[in-house]
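Report on the structure given below.
The values are calculated or read from the model by the stated rules, or taken from the named source; none is laboratory data. This structure is a prediction, so every number in the text was calculated from the model and none was measured. FYI the Cβ positions are ideal-geometry reconstructions off the backbone, even for glycines, and counts take in every protein chain you see.
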Amino acid sequence: MVSISTLNAKGKTRNIIFITFDGLRWEEVFYGADSLLINNDDFTKERKGMVKDYWADIPQTRREKLMPFFWSTINTEGQLYGNVHKGSVVTLANPYWFSYPSYSEMLVGYVDLSRDSNDKESNPNITVLEYIHNQPGFHGKVAAFCSWDVFDFIINEKRSGILVNSGMEPFVGKYNGPKIGLLNEIMFQIPVPWKSVRYDAITHHFAMDYLEQYKPKLLFIAYDETDEYAHEGKYDKYLIAAHRLDKYVAELWNWTQKNYQYKNKTTILITTDHGRGHGTIDAWRNHGSSVTGAENVWMAVLGPDTPPKGEVLDNEPMTSSQVAATIAAFLGFEYSNERPVGPVMNSMFYDTKR
C-alpha cells in the first residue's frame, strides 16, 4: 500500500499500546466527579463513601482523585486533549456517535457511512492494525484484547489474521501459565450482567500476560465497563470503573519502563469511542446522533517522542479519524488506505514537520 516513511525515522518509539475507554466522558477526565450525579440517590448508592473517595470542591483535586495516573504522570510527561471548556476540541467525524462506527473511524482513518450499527458485521475496511501487521517485521507482532465481543468483526479477525481476543472468549496461547488458566475458568464462573461484554479485569490481565510473554509491537486494549454502567445509570460504578482503568494504564506503563525492550521505546495512546450527553440530569446515560455532546471525545498520549505539554489548550480541532495515521507515524510508517485518511496529529510529536 505504502512503504516505510521517514516520518518518525529518528524517533524513539518502537512499540505502541493503543487503549480505549468506552464511553468515558471528557467531563470526568478533566473535572472529576460531577456534583449533580454523585449527589443523586438514583445514580449513586453509598453516597458517603463515594463522596469521600471521589469528591473535592476543587476540580483539579477531583480529577486527581478519580484518575491519579492521568494527572500525575501523563499531565507532567505527556499530553491530554479534549477539555472543551478550554478550547481543546476533539470530536468524532462520523455522524452516528456510537461504538462500531467510531471504532471503525479511529482504526481505519476515515468514515464509512455503511458502518451504521453495532451489528456483528465484518468490517470491509482495512484497519491500521491490519496494515501494520502486514509490514515487514510486524507479522505476528500485533494483537488486540477487547472486552466487547464485536471487535472480532470491527478488526475483521478472519481476514486480517490478527489475534483478537474479545468478549467471553478464552485466551489460548502457546506460553500460557496457571494465571491464564485460572482467568479462563473464572471468566465463566463469575456472572456477567451483559450479553456481549466481559469484565475489564479479564481483558486487562489477558493483555498484560500477552505483553509479558509475546512482546507485541502494537497492542490494542479496549475496555468497556464505563459505558455499560453509564447506560445503566450507575454513576458510582462508572466512577469506580474509570478509576480502575487509570490503574490499569499505570500498570501497563510501569511495566514498560522496567522492560529493556519497551523502556523509552514505547508510546501509549488513549482515547474513547464517543462522548455522552449533558444538560439534563439523565442525559449522561446516553449517546448517539440525537444526543448533544456525544460527539466530543478526548485523547491522552505518553511516550519518548511526545513533548510534555500536559493539558493542551486551544489546540487545532482534531477528530478520531486522525488516530490511525498517528499510530502508524509513531512506528515510522506513512499510513494510507482506500480513501483519504485523517492526517497525523503533529502536536503529539517533537518534530511537527511531517
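Residue 9 versus (1) modelled with pLDDT under 95; (2) assigned to a helix (DSSP H, G or I): which is the lone unmet condition?
(2)
Could you please find all residues in region 304-320 being assigned to a loop (DSSP other than H, G, I, E, B), touching a residue at least 40 places away in the same chain (Cβ under 8 Å) and on the phi < 0 side of the Ramachandran plot?
Once the filter is applied, which keeps residues that are assigned to a loop (DSSP other than H, G, I, E, B), touching a residue at least 40 places away in the same chain (Cβ under 8 Å) and on the phi < 0 side of the Ramachandran plot, region 304-320 yields 304, 305, 306, 307, 308, 309, 312, 313, 315, 317.
Tell me, yes or no, whether region 171-181 has at least one residue that is free of Cβ contacts under 8 Å to residues at least 40 places away in the same chain, under 19 Å from residue 327 (Cβ atoms), small (Gly, Ala, Ser) and not in a loop (DSSP other than H, G, I, E, B).
Scanning region 171-181 turns up no residue that is free of Cβ contacts under 8 Å to residues at least 40 places away in the same chain, under 19 Å from residue 327 (Cβ atoms), small (Gly, Ala, Ser) and not in a loop (DSSP other than H, G, I, E, B).
Collect the residues in region 122-174 that are closer than 20 Å to residue 101 by Cα and surrounded by fewer than 15 Cβ atoms within 10 Å (Cβ to Cβ), keeping them in residue-number order.
Across region 122-174, the qualifying residues are 122, 124, 158, 159.
Taking the condition of being of a type in the set (D, E, K, R) and either within 27 Å of residue 150 (Cα to Cα) or not in a loop (DSSP other than H, G, I, E, B) (or both), how many residues in region 261-281 meet it?
2
Considering (1) among the small types (Gly, Ala, Ser); (2) touching a residue at least 40 places away in the same chain (Cβ under 8 Å); (3) closer than 15 Å to residue 300 by Cβ; (4) surrounded by fewer than 19 Cβ atoms within 10 Å (Cβ to Cβ), say which one residue 72 fails and leave the rest.
Of everything listed in (1) among the small types (Gly, Ala, Ser); (2) touching a residue at least 40 places away in the same chain (Cβ under 8 Å); (3) closer than 15 Å to residue 300 by Cβ; (4) surrounded by fewer than 19 Cβ atoms within 10 Å (Cβ to Cβ), residue 72 misses just condition (2).
In region 102-121, how many residues are of a type outside the set (S, T, N, Q) and either closer than 21 Å to residue 332 by Cβ or buried (at least 20 other Cβ atoms within 10 Å of the Cβ) (or both)?
Here the count works out to 8.
What do you reckon, is residue 203 touching a residue at least 60 places away in the same chain (Cβ under 8 Å), buried (at least 18 other Cβ atoms within 10 Å of the Cβ) and either within 20 Å of residue 180 (Cα to Cα) or touching a strand residue (DSSP E or B) at 6+ places or on another chain (Cβ under 9 Å) (or both)?
For residue 203, the condition - touching a residue at least 60 places away in the same chain (Cβ under 8 Å), buried (at least 18 other Cβ atoms within 10 Å of the Cβ) and either within 20 Å of residue 180 (Cα to Cα) or touching a strand residue (DSSP E or B) at 6+ places or on another chain (Cβ under 9 Å) (or both) - is not met.
Looking at 73, 61, can you tell me which residue is within 20 Å of the chain's Cα centre (by Cα), in a helix (DSSP H, G or I), more than 16 Å from residue 313 (Cα to Cα) and β-branched (Val, Ile, Thr)?
Result: 73 is the single residue among 73, 61 that is within 20 Å of the chain's Cα centre (by Cα), in a helix (DSSP H, G or I), more than 16 Å from residue 313 (Cα to Cα) and β-branched (Val, Ile, Thr).
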